[in-house]
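The values are calculated or read from the model by the stated rules, or taken from the named source; none is laboratory data. Bear in mind the structure is a predicted one, so any value in this text is a computation, not a measurement. Positions of Cβ are backbone-derived with ideal geometry, glycine not excepted, and every protein chain shown enters the neighbour counts.
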Amino acid sequence: MKINILTPTKRLLVVGIMVLLSVHNAFAKNKPVIEDDPAIQKIFAALLSPAAIERSWQFFYGDNAEKEVTTNNQRSLNEVLNPDGTIKTGINGSFNAEGFSMGYDKNGKPVFSPASVNNTGDNAWDNKASQLITGTVNAVAISNDTIYVGTSANIYQWDGSSWSVLGGGVNGAVRVIAISGTDVYVGGGFTQAGGDASIQYIAKWDGSSWSALGAGVNGTVYAIAVSGTDVYVGGSFTQAGGHAANRIALWNGSSWSALGSGVNNYSH
């Protein structure tokens, strides 16, 4: 999800939301299990008030959005699909595509439906237009006319006329895609991107090449939020940049840092 946040208040909001999303059943129980860290306690206290939740929902989804709480920091792909399964025009952002299969129309354009790729009926994975894409769909991100698709096996892009593996691809599952300007941040269960073995579970594609975010993290990445040069990451890791970071961390463009004592569980 592309997030343009400049004010300190909104920056705090992003940190708090990432913390909330990284805790197992945090919203369902309304009693998140966190380490006894004063900084994180303040974030929860500020964000769990009804007024704060209302403001944060309006900020991300607008005044008229249906209020459905999920444990993922991305909107469902279903929200931006036309009845025929194609993506609505003028859409930008990142979306959770778990539970969707993907086929193609006669021009090779992606068509999505809420069904398992293991189905054998009309909603089965239709790969007739391209034998390139493999794996189940996990994440979709859209930037102008380009559609990025992350699967359990790799990452692909549709440029409006054809499919390709993005920059040589990755060597594992892609769980989340976030776009900021011309940069595409990808997280998941991979340990290489474009053949670069220094990349660990998270990488940035700048339109021409992959780059590592320092030494990366040591476990699967499930959530990414971007604010300027700051990249907030949540997942199953316990280290970021070689330093202790319990399941949530911040990359500031040059180095990693933990967010307080972190959290002791995660959800995805």
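For the reader, a short list of remarks on this structure follows.
- Single match in Ile224, Ile202, Ile248 (criterion: more than 19 Å from Ala139 (Cα to Cα) and out of contact with any Asp or Glu (no Cβ under 7 Å at 6 or more places or on another chain)): Ile248
- Residues in the range 100-132 that are in contact with a Pro (Cβ under 9 Å, 6 or more places away or on another chain) and at pLDDT 50 or above: 5 in all.
- Comparison of Gly172, Gly135, Gly168 shows that the only residue that is over 15 Å from Gly188 (Cβ atoms) and out of contact with any Lys or Arg (no Cβ under 8 Å at 6 or more places or on another chain) is Gly168.
- Qualifying positions in the range 255-268 - at pLDDT below 95 and either assigned to a loop (DSSP other than H, G, I, E, B) or in contact with a Gly (Cβ under 6 Å, 6 or more places away or on another chain) (or both): Leu259, Gly260, Ser261, Gly262, Asn264, Asn265, Tyr266, Ser267, His268
- Exclusive hit being buried (at least 24 other Cβ atoms within 10 Å of the Cβ), of a type outside the set (Ser, Thr, Tyr) and out of contact with any helix residue (DSSP H, G or I) (no Cβ under 6 Å at 6 or more places or on another chain), set Ala240, Ala212: Ala240
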